[in-house]
Amino acid sequence: MSVLKIPDGGGDNITLLEVDGCLYPNSNIEDPVDIIKGVRDLPIRDDDVFVCAYPKCGTHWVWEMVRLLLSSDTDTVIEKDELMLEFIKGKVLEKFPSPRILNTHCFVEQLPRGVFEKKCKIIYILRNPKDMAVSLFHHHKKLICYEYKGKWENHLSLLMDGKVDFGSFFDYMKDWAAVGKTHPELPTLTLMYEDLKEDPLTGIRKLAKFLNVEKSEEFYHKVKDLTSFNKMKEAKGKFFKAPDGSAVMYRKGEVGDWKNYFTVAQNEAFDRLYKENMAGCDINFRYSLK
C-alpha cells in the first residue's frame, strides 16, 4: 500500500492510493486499505442488489432509482456512499436492513465472493467514455483528496493511460462486457446512461421488472421526478461539497458536453485508442441525443 502522486504531462500531480497494484481514491476514511482488502470477504445476503459502474457513469442516479423502487420510501434522504463497498467496513454494513443496495466501481473479480455464491442481482451502467472523461476531470479537480490542479488536456492523457482511480476505463468495460460469459450464473441488467437520459421512465420500468417490484405508473413517474438531476442535486448535493461550495457529485449530467472540451485532435486520438483497446468488444455508445 502506498499513497502515490502521479504526474500528468503538465507537471501537476493527482494523489491516489495504491492497494495490491490497483488505484483508488486517497480518501480520509478510517483504515481505507483494510476496507479495500476486505471487500472480497464481506458477508453477502441473498437479497443484496449491486449497482456497478466506472466512476462518473451514473452510479448515484441509478442507485437512487433502485432505492426508491425497493423501499417505496420517498421521504428519507440517503447517500449511496454509505453503502459503497470501497468505503465501508463489514461491521457497519451489517447494520443496514435488507434489501441492501450496494454499489462499487470494482472489477467483476474484485466483488465479494458471496455475490457469486448467492447469485445476487447486478445492475451495470455504461456511459459514453467522452462525457465520462469530462465529468471525471471536474470530479478530480473539485474533490480535495485528489489534490489535482491540472488542465483538461493533461488530465485526458492520465485517463487514456489508465492512471486514475479504478484504473483503465477500457479494461473495466471489457471486464464487465464479458460477465455474461465469465459468470453466466449472475442475473445482470445493463443500462445505458444515454438511454436513461432520453427516456428515464422506460429505464425505471426495466429496473422494477428486473427487481421483481413492479409498481403503478404513478409511482414510476414519482421516481422519475425525484431522481431528476435538479431534484437530486437539491436533496443530496449537500453531502459532498467542493471548497467553492458547489456540489461535487452533481455538475451537469448532460449528454454531449464532451464537445465543449475535446479538440479535433484529442477526439481523433481518443477514437484511435478506443478502437485499439476495444477490438472485439461490441458496445454501441451514443455521444449525443437528437
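Each value in this text was obtained by applying a stated rule to the coordinates, not by laboratory testing. These numbers were taken from a predicted model, which means no experiment stands behind them. Glycine also receives a Cβ, built like all others from the backbone with ideal geometry; neighbour counts cover every protein chain displayed.
Mind checking the range 67-112 for GluC sites (Glu not before Pro) that DSSP puts in a loop (not H, G, I, E or B) and that have at most 13 other Cβ atoms within 10 Å? Sparse-neighbourhood loop GluC sites (Glu not before Pro): E94. Think of the chain as having a plus end and a minus end, set by charges on the Cβ of Lys, Arg, Asp and Glu; of H139, Q110, V39, H139 sits farthest toward the positive end of this dipole. Working note: Karplus 6.51/-1.76/1.60 with θ = phi - 60° gives the range 92-101 the couplings 6, 4, 5, 6, 7, x, 7, x, 8, 9 Hz, where Gly and Pro are set to x.
Between E82 and C22, the distance separating the two model label sites (each 7 Å from Cα on the Cα→Cβ line) works out to 2.5 nm. Among the trypsin sites (Lys or Arg not before Pro) within the range 117-150, those in coil by DSSP and having at most 16 neighbouring Cβ atoms inside 10 Å are K119, K149.
Mean projection of the Cα convex hull over all viewing directions, computed for the range 77-168: 7.7 nm². If R0 equals 35 Å, the separation of the Cβ atoms of S72 and E268 corresponds to a calculated FRET efficiency of about 0.15. Stokes-Einstein, applied to the Kirkwood radius of the chain over Cα pairs at a viscosity of 1.002 mPa s and 20 °C, places its translational diffusion at 109 µm² s⁻¹. For the range 147-223 and the range 58-80, write down the distance between their C-alpha centroids in whole Å. Computed from Cα coordinates, the inter-centre distance equals 15 Å. Here the extension length gained between E153 and E30 equals 40.9 nm, from 0.36 nm per residue of separation less the Cα-Cα distance. What the Cβ-Cβ distance of M278 and I6 gives, at R0 = 30 Å and to the nearest 0.05, is a FRET efficiency of 0.80. Inter-label distance, D41 to S228: 4.8 nm, where each label sits 7 Å from its Cα along the C-beta direction. Based on Cα contacts under 8 Å between residues 6+ apart, the chain shows a relative contact order of 23 percent. Rounded to the nearest 20 debye, the dipole size of the chain about its Cα centre is 460 debye, using +1 on the Cβ of Lys and Arg and -1 on the Cβ of Asp and Glu.
Return the FRET efficiency for the residue pair E94, N212: r is the Cβ-Cβ distance, R0 is 25 Å, and the value is rounded to the nearest 0.05. Could you put the intermediate results ahead of the total?
Working: r = 24 Å, r/R0 = 0.97.
The formula returns an efficiency of 0.55 here.
The stretch between L289 and A178, if pulled fully straight at 0.36 nm per residue, gains 37.3 nm over its current Cα-Cα span.
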